[in-house]
1. Residue check, residue 151 against (1) in contact with a helix residue (DSSP H, G or I) (Cβ under 6 Å, 6 or more places away or on another chain); (2) closer than 20 Å to residue 41 by Cβ; (3) of a type outside the set (S, T, N, Q), all met but one. Which one?
2. Quick check: is even one residue across region 148-164 in contact with a strand residue (DSSP E or B) (Cβ under 8 Å, 6 or more places away or on another chain), part of a loop (DSSP other than H, G, I, E, B) and either on the phi < 0 side of the Ramachandran plot or in contact (Cβ under 8 Å) with a residue 24 or more places away in the chain (or both)?
3. So if I check each of 51, 28, 73, which one is surrounded by fewer than 22 Cβ atoms within 10 Å (Cβ to Cβ), assigned by TED's automatic domain parsing to the domain that holds residue 243 and within 16 Å of the chain's Cα centre (by Cα)?
4. How many residues does region 1-25 contain that are at pLDDT 95 or above, over 12 Å from the mean Cα position of the chain (by Cα) and over 17 Å from residue 237 (Cα atoms)?
5. Sort out which residues of region 75-123 are part of a helix (DSSP H, G or I), without any contact (Cβ under 8 Å) to a residue 60 or more places away in the chain and either over 12 Å from residue 148 (Cα atoms) or among the hydrophobic types (A, V, I, L, M, F, W, C) (or both), and write them in order of number.
6. Identify, please: which residue in region 121-161 is surrounded by fewer than 21 Cβ atoms within 10 Å (Cβ to Cβ) and among the hydroxyl-bearing types (Ser, Thr, Tyr) and is, among those, nearest to residue 289 (Cα to Cα)?
7. Do any residues in region 234-255 that are without any contact (Cβ under 8 Å) to a residue 60 or more places away in the chain and under 12 Å from residue 71 (Cα atoms) have Cβ atoms under 8 Å from those of residues that are outside any helix (DSSP H, G or I) and not β-branched (Val, Ile, Thr), where the two are at least six apart or on different chains, and which pairs are they?
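The values are calculated or read from the model by the stated rules, or taken from the named source; none is laboratory data. Not measured: the values here are computed from a predicted model. Ideal geometry is used to build each Cβ from the backbone, glycine not excepted, and the neighbour counts take in all protein chains shown.
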Amino acid sequence: MSGLRLMAVHAHPDDESSKGAGTMSRYAAEGNDVLVVTLTGGERGDILNPAMDTPGIKDRINEVRREEMAEAARILGVEQTWLGFVDSGLPEGDPLPPLPEGCFALVPLEESTEALVKVIREFRPHVMLTYDENGGYPHPDHIRCHQVSMAAFEAAGDSAKFPDAGPAWAPSKIYYIHGFIRRRLELFKEEYDRRGEPFPMQEWLDRWRRPEQGDIMARVTTQIRCGDYFPQRDDALRAHATQIDPNGTFFVVPMDLQQKIWPTEEFELAKTRVRTAIPETDLFAGITTDGTQ
């Protein structure tokens, strides 16, 4: 397969490397065009790697996040573009403080939708990736990313909408990325138990075992085998050095164990304009190189 186009829409730089990165790297390596659209600059992200919390980094955080994103895109083998909105930050406290004036989550939906429609009509993706209605987790930018992506998916193919954004193009499919799967951790733990070793992600697993926490696997329609590209995924994550601690939880389970026990990434087919059969093992299932069935 070649000549198909995949667009992943993400809220901040580093999101693309923690959500569906192995899949993107695989499709790019197979000769397809893959574009990451980063909605904000991640300007309000905290420095989460102690080694990077050094003088001068915060003063040039905008530039640093762009440098990190460029390196991550290079590692994954994908293209990347910025939509130019400003990070909303993650509000904390009770009650929550108001969002900063002018931030992405407060931009009128029509404005941000038109900006994304323009990129869709330029790149002409056959398939789009985004977050579900909960944003993957309830960050205001992630929730807005879902809203903008779904609105743009519908509007891009309608020539009456946003006529200044270029000739109409209707993507064939849009998927939600489901990156945190409880069953995946349970299988990892079973392997650690078999070896008689403590499971380093036990705290995460305990949180997911609360009765009110369902398993998102019930919503998964599509699993993409991409274990061979997990090294690129992890290297791309580490490229976001201000956000990712190389000694953190993302990297505690050995690579060979991940590739053996759970070598896939998971997606939910949210909307489709072509006929396909569920479950899927290919995001482009039902699509030809000209975008038709």
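1. Evaluating residue 151 over (1) in contact with a helix residue (DSSP H, G or I) (Cβ under 6 Å, 6 or more places away or on another chain); (2) closer than 20 Å to residue 41 by Cβ; (3) of a type outside the set (S, T, N, Q) leaves (2) as the failure.
2. No, region 148-164 contains no residue that is in contact with a strand residue (DSSP E or B) (Cβ under 8 Å, 6 or more places away or on another chain), part of a loop (DSSP other than H, G, I, E, B) and either on the phi < 0 side of the Ramachandran plot or in contact (Cβ under 8 Å) with a residue 24 or more places away in the chain (or both).
3. Working: 51 fails: within 16 Å of the chain's Cα centre (by Cα); 73 fails: surrounded by fewer than 22 Cβ atoms within 10 Å (Cβ to Cβ).
After ruling out the rest, the residue left standing is 28.
4. Counting residues in region 1-25 that are at pLDDT 95 or above, over 12 Å from the mean Cα position of the chain (by Cα) and over 17 Å from residue 237 (Cα atoms) gives 3.
5. Quick first cut of region 75-123, residues part of a helix (DSSP H, G or I) only: 75-76, 104-106, 109-123.
Filter again for without any contact (Cβ under 8 Å) to a residue 60 or more places away in the chain, leaving 105-106, 109-111, 113-115, 117-118, 121-122.
Those that are part of a helix (DSSP H, G or I), without any contact (Cβ under 8 Å) to a residue 60 or more places away in the chain and either over 12 Å from residue 148 (Cα atoms) or among the hydrophobic types (A, V, I, L, M, F, W, C) (or both): 105, 106, 109, 115, 117, 118, 121, 122.
6. 159
7. Listed by first residue and then by second, the contacts come to 238/246.
Okay, residues lined up against (1) on the phi < 0 side of the Ramachandran plot; (2) surrounded by 14 or more Cβ atoms within 10 Å (Cβ to Cβ); (3) modelled with pLDDT of 95 or more:
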residue	(1), (2), (3)
229	yes, yes, yes
233	yes, yes, yes
238	yes, yes, yes
243	yes, yes, no
249	yes, no, no
253	yes, yes, yes
257	yes, yes, yes
264	yes, yes, yes
267	yes, yes, yes
